[in-house]
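Q: Before I ask anything, let me first share the structure, which is written out below as structure tokens.
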Amino acid sequence: MIDPSTVLRAGLLGISKSDKVKNLIENAPVSRGVVNRFVAGARTADAVSAVVGLQEDGRLATVDFLGEDTLDRRQASATRDAYLDLLSALSDRGLTANGAAEVSLKLSALGLALGADGEKLALEHARQVCELAATCGTTVTLDMEDYTTTDATLSVLRDLRADFPWVGAVLQAYLHRTESDCRDLATADSRVRLCKGAYKQPESVAYQSAHDVDLSYVRCLKVLMEGEGYPMVASHDPRLIAIASSLAGKNHREPDSFEYQMLYGIRPDEQRRLAKAGHQMRIYVPYGDQWYGYLVRRMAERPANTMFFLRAVATKK
Ligand SMILES: Cc1cc2nc3c(=O)[nH]c(=O)nc-3n(C[C@H](O)[C@H](O)[C@H](O)COP(=O)(O)OP(=O)(O)OC[C@H]3O[C@@H](n4cnc5c(N)ncnc54)[C@H](O)[C@@H]3O)c2cc1C
């Protein structure tokens with residue numbers, strides 16, 4: 001049976017590629033208000049204050065400078081520079097050495113899609129970010145994008161881990177291959193963020209129904225919790241959070257041997273509850289003005305997020 005939310009999600013992710021729709025959303029007067037709910041702000045200083053705010057009630061952060069599909073080398077180096085600036089600013093406020101904040105990188109923003117040399121360029125830029133992260137005493141996680149980039153991202157991960165074993169990977173439960181990738185990556189100290197997956201992917205590579213994605217998530221979570229690595233449970237789904245907690249107990253995991261992760265602005269009360277209960281709770285904090293792709297993925301995930309946007313448009317005087 002076709003799941004209506006799956007159709008809505010696929011539709012939104014499909015039409016979002018249109019320049020017309022992009023223009024409309026980027027320039028709608030209400031967009032800023034909606035964006036503010038999910039994005040910390042435009043500047044490095046905004047990201048730093050968001051991290052400080054989270055830290056006040058015991059939440060950790062992974063900060064993402066928004067941007068993807070970089071099409072020229074200048075933009076790719078500018079993205080690297082933004083991360084270097086961010087890490088310095090976080091470190092100056094004492095937010096890196098104490099583990100309060102790390103950073104999340106999209107390789108496409110660092111040049112992955114720039115032709116034959118793209119992978120080499122993205123690796124070089126990511127390496128420079130890792131070098132500064134190491135000096136600041138914190139870690140880096142490589143976000144996972146659409147399935148055409150999975151092999152390249154895992155290959156960059158392997159190269160980076162040779163020098164920086166703490167670099168985190170992201171695996172997406174909706175891909176058929178992920179259970180096997182989890183087995184490969186569930187090794188000692190390996191940081192792996194497991195998420196459902198946010199892109200529109202073909203049937204040949206990905207589960208299409210929400211139910212199948214959830215089942216895959218649980219299988220993958222079992223592998224990671226039973227393994228020797230450091231699972232990062234990235235989901236807002238109450239059932240998956242309960243299953244993660246029960247699997248952690250079954251595998252005698254201490255609270256510091258795994259963490260929960262959620263997105264900035266989504267289920268903040270639950271984030272605080274988990275942190276208060278003594279769990280490591282890390283929030284993905286995006287900032288910058290390239291928020292379009294990120295916002296569309298959040299709208300596609302949850303009809304309520306789309307309704308929030310449409311209601312804001314409809315009630316705008
Ligand atoms: C820290 C983090 C990093 C991520 N990194 C990546 C990445 O690198 N690559 C990638 O493809 N994807 C990434 N994602 C996105 C992820 O793949 C999912 O698209 C996103 O998290 C939504 O899936 P979900 O597990 O929260 O469940 P969903 O299926 O979206 O929601 C399940 C249930 O969670 C609850 N819920 C969800 N949203 C809300 C809300 N706003 N308010 C109240 N309840 C809610 C509801 O009960 C809902 O039924 C990341 C997600 C997180 C949290």
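The values are calculated or read from the model by the stated rules, or taken from the named source; none is laboratory data. Predicted, not measured: the structure shown is a model, and the values here were computed from it. For neighbour counting, all protein chains shown are included, and Cβ atoms are generated from backbone atoms with ideal geometry for every residue, glycine included.
Q: Taking SER245, is it near the ligand (Cβ under 9 Å from one of its atoms) and closer than 15 Å to LEU274 by Cβ?
A: no
Q: Tell me which helices (runs of 4 or more DSSP H) are completely within the stretch 10-60 and hold 2 or more residues being acidic (Asp, Glu) and at pLDDT 70 or above, or say none if there are none.
A: 19-27, 44-56
Q: Would it be correct to say that VAL313 is surrounded by 13 or more Cβ atoms within 10 Å (Cβ to Cβ), at pLDDT below 95 and either away from the ligand (no atom under 12 Å from the Cβ) or of a type in the set (A, V, I, L, M) (or both)?
A: yes
Q: Within the stretch 163-175, track down each residue that is surrounded by 15 or more Cβ atoms within 10 Å (Cβ to Cβ) and in a loop (DSSP other than H, G, I, E, B).
A: The answer is PHE164, TRP166, VAL167, ALA173, TYR174.
Q: Moving on to the next point. Please pick out the residue among THR187, THR141 that is outside any helix (DSSP H, G or I), touching a strand residue (DSSP E or B) at 6+ places or on another chain (Cβ under 6 Å) and β-branched (Val, Ile, Thr).
A: On the way: THR187 fails: touching a strand residue (DSSP E or B) at 6+ places or on another chain (Cβ under 6 Å).
Criteria check complete, one pass: THR141.
Q: Could you give every pair whose Cβ atoms fall below 6 Å, whose first residue belongs to the stretch 253-280 and is under 12 Å from MET232 (Cβ atoms), and whose second residue is in a loop (DSSP other than H, G, I, E, B) and within 16 Å of the ligand (Cβ to nearest atom), counting only separations of at least 6 or pairs across chains?
A: Cβ pairs passing all conditions: GLU259/GLN280; TYR260/HIS279; MET262/HIS236.
Q: Test of understanding: among ALA133, ALA198, which residue is in a helix (DSSP H, G or I), within 19 Å of THR62 (Cβ to Cβ) and hydrophobic (A, V, I, L, M, F, W, C)?
A: ALA133
Q: Of the residues that make up the stretch 285-299, is at least one within 26 Å of THR139 (Cα to Cα), surrounded by fewer than 17 Cβ atoms within 10 Å (Cβ to Cβ), more than 16 Å from the chain's Cα centre (by Cα) and at pLDDT 95 or above?
A: Within the stretch 285-299, none of the residues are within 26 Å of THR139 (Cα to Cα), surrounded by fewer than 17 Cβ atoms within 10 Å (Cβ to Cβ), more than 16 Å from the chain's Cα centre (by Cα) and at pLDDT 95 or above.
Q: Right, next: Select, from GLU259, GLU270, GLU203, the only residue that is more than 15 Å from the ligand (Cβ to nearest atom) and either among the basic types (Lys, Arg) or under 28 Å from TYR294 (Cβ atoms) (or both).
A: GLU203
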